[in-house]
1. Considering only residues that are more than 13 Å from ALA295 (Cα to Cα), open to solvent by 100 Å² or more (accessible area, probe 1.4 Å) and aliphatic (A, V, I, L, M), which ones fall in the stretch 263-282?
2. If LEU94 meets every condition in (1) of a type in the set (A, V, I, L, M); (2) modelled with pLDDT under 85; (3) assigned to a helix (DSSP H, G or I); (4) open to solvent by 40 Å² or more (accessible area, probe 1.4 Å) apart from one, which number is that one?
3. From the list LEU82, LEU75, which one is modelled with pLDDT under 85, hydrophobic (A, V, I, L, M, F, W, C), outside any loop (DSSP other than H, G, I, E, B) and over 28 Å from VAL292 (Cβ atoms)?
4. It is to be established whether one or more residues within the stretch 231-247 are among the aliphatic types (A, V, I, L, M), open to solvent by less than 30 Å² (accessible area, probe 1.4 Å) and over 17 Å from LEU146 (Cβ atoms).
5. LEU102 is checked against (1) touching a residue at least 12 places away in the same chain (Cβ under 8 Å); (2) closer than 30 Å to MET282 by Cβ and fails just one. What number does that condition carry?
6. How many residues are crowded, with 19+ Cβ neighbours inside 10 Å and either free of Cβ contacts under 8 Å to residues at least 40 places away in the same chain or hydroxyl-bearing (Ser, Thr, Tyr) (or both) when one looks only at the stretch 133-152?
Amino acid sequence: MDLQNLITLTTGITLLACVLAVVGVRSYTTGRAQRQALVDRLSATGQIPVTGRRRHFPTLDRRLRRTRFGRKLELRLTATGLDVTPGEFFVCMLATVAGLWLIGQATLAPFFGPLAGLLGVWAALQFLNWQRQKRIEKFINQLPELARILANATQAGLALRTAVGMAAEELEAPAGEELSKVANQLAVGASMDDALGELAERLPSRELVVLVTTLVLSNRAGGQVVSALRNLTETLEERKETRREVRTQLSQVSMTSYAVPVLGVGSLFLMNGVKDGALERMTGSPVGQAAVVVAFGLYAIGFVLIRRLSRIDV
């Protein structure tokens, strides 16, 4: 009797385990299908990039996106157009900081390790700003052609939504990619005002704001959108040439802003090369450490002031 009860109990547990296994597999497959549907929907609206590259550090990336710093970093990366996740960029930044820390500590003095690490963080953030500004400049150079395509499409009787999709197919990156996001958002039900407003937030510039305002007002109130786009095309062409001339004239000043801190850092290597261990002895006292910090601060202030003085808004 005890053996019969044991067999019955074992059979029941086995059947229960099989049922739970089937339920678990079904839940897993349903979850994967829902996740893939969500990814496809977000990809269609342009909120996540569509690439086949295998992502690294997915756990860190998910945790980082939940923080305020991670969300800001994600917005910056989206504006740059780089195919990098916040987790991947954060790991690369940490590796750069660690490498510069070790190099500064080994080649100069232990005191310069943390300073080199801070320099690595600044360099990473400046790289993002440079990539973003580079993408904005390239997009601004495409604005006259974009306005021309929209004017031709609307003059042919096409709706503004259709004209935006046509421009997305004809233009190269970054204008083509950004307009594809706008077209995908319009396809899933977003309004023209919201889609173009997000575009202006991703790539802020005066020229784009003028174009977005023209399109939004024409979409709301109607009117002569073709003539407005024609006039805007000529204005954008003139501003494009003016910006190119100003950038050429200020190229020497921009190089000077970068040469000043490079000369400062080079003088440290020169000092340490002339007399080995001079920097270590200098930074061994609080007075020497304070002098180094003040010197780096002055170089940073000089860099910022030169960049501000050479910035001319056209």
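The values are calculated or read from the model by the stated rules, or taken from the named source; none is laboratory data. Here the structure is a predicted model, which is why all the values come from computation and not from measurement. When we count neighbours, we look across all protein chains shown, and the Cβ atoms used for this are built from the backbone with ideal geometry, even at glycine. For the accessible areas, the whole protein counts, side chains as well, though only heavy atoms, and no ligand, DNA or RNA atoms are used. Shrake-Rupley method; radii C 1.70, N 1.55, O 1.52, S 1.80 Å.
1. Those that are more than 13 Å from ALA295 (Cα to Cα), open to solvent by 100 Å² or more (accessible area, probe 1.4 Å) and aliphatic (A, V, I, L, M): LEU270, VAL274.
2. (2)
3. LEU75
4. Among the residues of the stretch 231-247, not one is among the aliphatic types (A, V, I, L, M), open to solvent by less than 30 Å² (accessible area, probe 1.4 Å) and over 17 Å from LEU146 (Cβ atoms), which makes the answer no.
5. Failed condition: (1).
6. So the count comes out to 2.
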